[in-house]
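*Asks:* Next up is a structure, given as structure tokens.
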Amino acid sequence: MTVPDCFVLGSNKIGRGNGEAKFYIGQNNQDTWEFWGDSGFEIKGVLRKKDLLNYLDEVKVEYDNPQLPYKGKNKLSKLWVDRYNQVLSLDEFIFFNIQHQKQIAGSRVYFNSSDSIYKLIREISLPEITYLAASKVQNEQGKTLFYFRLFVDYFGETEHTATIEKELQSIEETVETEDFKLQLTKARLGQGQYRKKLLDECPYCPVTLISDDRLLIASHIKPWSKSDKLEKIDPKNGFMLTPNIDHLFDKGYISFTQDKKMMASQWLSKMTYQRLSIKPNSKIEHLPIKGREQYLEYHRDVIFKG
């Protein structure tokens, strides 16, 4: 669920108004009620401090280099520090109450909460690039809780443009030879020798088995921005993937175990996986593992949205 501008508070806003506490959760239909409960529901939500800190780490580059015309654009960098420290002071698990806004007529369904953590979410979230995901879980007593997480999506990209520009500038300033500069820059874009060597090792997508290289993306396992100079151009740090699989892998919705089993994040629905022909826990027989063990371990530990 994308966090809209009308939901956030103060300096984070792009448009006018003071922000509305209600949050749109779906259309008035069977799917919505089956997930959230009957009309008039009152449910218990839970957030994790670790997840909130991860969100703030991911979104810091936008706080420091705003791409959108936020009201408090010049204050955001300092606000990030204040908000990070505020989250640090929280308990590891933060519980809060949520109520259906049944007084709002129409085809759209909303919820709201008067708890302070809900207001904090409205304060730290940046609109349009943040989305709020919810998953149903059960506690040790068998009671249903709704586990919430904030994620970042940089205008459809995994990384912020400022991060990419900084990395390319660093290559220009620190790499001495022009050939190596070109190798690193092309590897960033999934081109050049990196792509050629990767295609030589695996000339098809191991998940879909598509072999038309016009439809294959040279995807890094350990992200280019997190890799050292050798890892950036190491073909063992990559797979050739079709665009839909690349997107899922790049954003951490799927990963792979050392015995070639596909891992699927709980933060996409079963219906979405079915429509994408993704089968969680299925064995990807053609997945090239040898030499990629450490890179995949990093992907599972850091990138995968478990």
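The values are calculated or read from the model by the stated rules, or taken from the named source; none is laboratory data. The model shown is predicted, which means the values in this text are computed figures rather than measured ones. So basically every Cβ, Gly included, is an ideal-geometry build from the backbone, and we count neighbours across all protein chains shown. Side chains included, ligands, DNA and RNA excluded: accessible areas come from the protein's heavy atoms. Shrake-Rupley method; radii C 1.70, N 1.55, O 1.52, S 1.80 Å.
*Asks:* So which pairs qualify, if the first residue must be in region 242-258 and closer than 16 Å to residue 302 by Cβ and acidic (Asp, Glu), the second must be assigned to a loop (DSSP other than H, G, I, E, B) and open to solvent by 20 Å² or more (accessible area, probe 1.4 Å), the Cβ gap must be under 6 Å, and the two must be at least 6 apart or on different chains?
*Replies:* Close Cβ pairs satisfying both conditions: 250/158.
*Asks:* Of all the residues that make up region 81-134, how many are within 19 Å of residue 66 (Cα to Cα), outside any helix (DSSP H, G or I) and either at pLDDT 95 or above or open to solvent by 50 Å² or more (accessible area, probe 1.4 Å) (or both)?
*Replies:* Residues meeting the conditions: 1.
*Asks:* With the requirement that a residue be surrounded by 14 or more Cβ atoms within 10 Å (Cβ to Cβ), in a loop (DSSP other than H, G, I, E, B) and not β-branched (Val, Ile, Thr), what does region 254-276 give you? Show your work before the answer.
*Replies:* Of region 254-276, the ones surrounded by 14 or more Cβ atoms within 10 Å (Cβ to Cβ) are 254-257, 260-268, 273, 276.
From what's left, in a loop (DSSP other than H, G, I, E, B): 257, 260, 265-268, 276.
Correct list: 260, 265, 266, 267, 268, 276.
*Asks:* Which of the residues belonging to region 24-43 are of a type outside the set (Ser, Thr, Tyr) and open to solvent by 60 Å² or more (accessible area, probe 1.4 Å)? Walk me through how you get there before you give the answer.
*Replies:* Initial filter on region 24-43 (of a type outside the set (Ser, Thr, Tyr)): 25-31, 33-38, 40-43.
Result: 27, 28, 29, 30, 31, 34, 35, 38, 42.
Matching residues to (1) closer than 28 Å to residue 261 by Cβ; (2) open to solvent by less than 20 Å² (accessible area, probe 1.4 Å); (3) at pLDDT below 90; (4) among the β-branched types (Val, Ile, Thr):
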{"residue": "179", "(1), (2), (3), (4)": "no, no, yes, no"}
{"residue": "182", "(1), (2), (3), (4)": "no, no, yes, no"}
{"residue": "188", "(1), (2), (3), (4)": "no, no, yes, no"}
{"residue": "207", "(1), (2), (3), (4)": "yes, no, no, yes"}
{"residue": "211", "(1), (2), (3), (4)": "yes, no, no, no"}
{"residue": "224", "(1), (2), (3), (4)": "yes, yes, yes, no"}
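*Asks:* So which of 46, 3 is open to solvent by less than 20 Å² (accessible area, probe 1.4 Å), closer than 30 Å to residue 226 by Cα and in contact (Cβ under 8 Å) with a residue 12 or more places away in the chain?
*Replies:* On the way: 46 fails: closer than 30 Å to residue 226 by Cα.
Result: 3 is the single residue among 46, 3 that is open to solvent by less than 20 Å² (accessible area, probe 1.4 Å), closer than 30 Å to residue 226 by Cα and in contact (Cβ under 8 Å) with a residue 12 or more places away in the chain.
*Asks:* Specify the residue that is most open to solvent (accessible area, probe 1.4 Å); the eligible residues are those in region 239-253 that are within 11 Å of residue 221 (Cα to Cα) and assigned to a helix (DSSP H, G or I).
*Replies:* 250
*Asks:* List the pairs whose first member sits in region 292-303 and is closer than 11 Å to residue 258 by Cα, whose second member is open to solvent by 50 Å² or more (accessible area, probe 1.4 Å) and assigned to a helix (DSSP H, G or I), and whose Cβ atoms are under 7 Å apart, counting only residues at least 6 apart or on separate chains?
*Replies:* Within 7 Å, the pairs are 292/236; 295/236.
*Asks:* Could you please find all residues in region 226-238 being among the basic types (Lys, Arg) and buried (at least 16 other Cβ atoms within 10 Å of the Cβ)?
*Replies:* Restricting attention to region 226-238, the residues satisfying the condition of being among the basic types (Lys, Arg) are 226, 229, 232, 236.
Hits for region 226-238 are 232, 236.
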